[in-house]
Amino acid sequence: MENYVLFLMIATLTVFSPGPGVLLTLSNSIRHGASGATAGIFGIASATFVVAAISASSLGVLLATSTVAFTILKLIGAAYLVYLGLKLWLSPVVSLAQPEPSSRHWGRQFFEGFALQLTNPKAVFFFMAVFPQFVDLSSAFLGQFALLVTTYSALVVAIHLIYARSAGLAKAWIGTRKGGRVVNRVGGGAFICFGAGLAVASK
């Protein structure tokens, strides 16, 4: 149980750390309202199960040992981040006082969050590096694996919802047309920078 509490603390700090996923949640919340960011949040959380499964499989070992495999996934992830950045940069300014309806875009937002997490090789290495430290090999692996991954995914949902609500509270500050343009430019530029950083990152 002490190990689980330690994992909980590490996972909480990791999820709270600003990154592409947090930025996606904030931009969705600003454009569609806090409830409109939910689809992307669940996309990120769902992909966590896939990433964790990859990290526990031979594919995870391949990504950790093969420079070519790592580079391919890294470049795919970087390209996707740049795509999201350009898309946000070029998006028309939305009045934050009247968020753009998101009901028709639920599937698209879910996919964006899912793909964002899935194409992040750093997430695979996080699970490969952290998970083994909290698994008792003398006990059933599947139950421990399910507990850790479910905990991490639940933290993603809870913490990203906090970010989404926080973005909603900031609307009064960035609710002008000029503010909306700044949000698009800053958010899009940040995505592009994340993509560039991932493209040049080493293992």
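General observations
- Residue-level check: of (1) at pLDDT below 75; (2) within 20 Å of SER153 (Cα to Cα), ALA11 misses just (1).
- Residue in the stretch 62-69 that is open to solvent by less than 30 Å² (accessible area, probe 1.4 Å) and modelled with pLDDT of 80 or more present: no
- Listed by position, the helices (runs of 4 or more DSSP H) enclosed by the stretch 95-201 that each have at least 3 residues that are modelled with pLDDT of 75 or more and open to solvent by 40 Å² or more (accessible area, probe 1.4 Å) are 106-118, 141-169, 177-200.
- Among the residues making up the stretch 1-40, those that are buried (at least 21 other Cβ atoms within 10 Å of the Cβ) and not aliphatic (A, V, I, L, M) are PRO20, GLY21, THR25, SER27, ASN28, SER29, ARG31, HIS32, GLY36, THR38, GLY40.
The values are calculated or read from the model by the stated rules, or taken from the named source; none is laboratory data. What you see is a predicted model, and the numbers here were worked out from it, not measured in a lab. Counting neighbours? That spans all protein chains shown, and the Cβs are built from the backbone with ideal geometry, glycine included. Note: accessible area is taken over every heavy atom of the protein model, side chains too, but ligands, DNA and RNA are not part of it. Shrake-Rupley method; radii C 1.70, N 1.55, O 1.52, S 1.80 Å.
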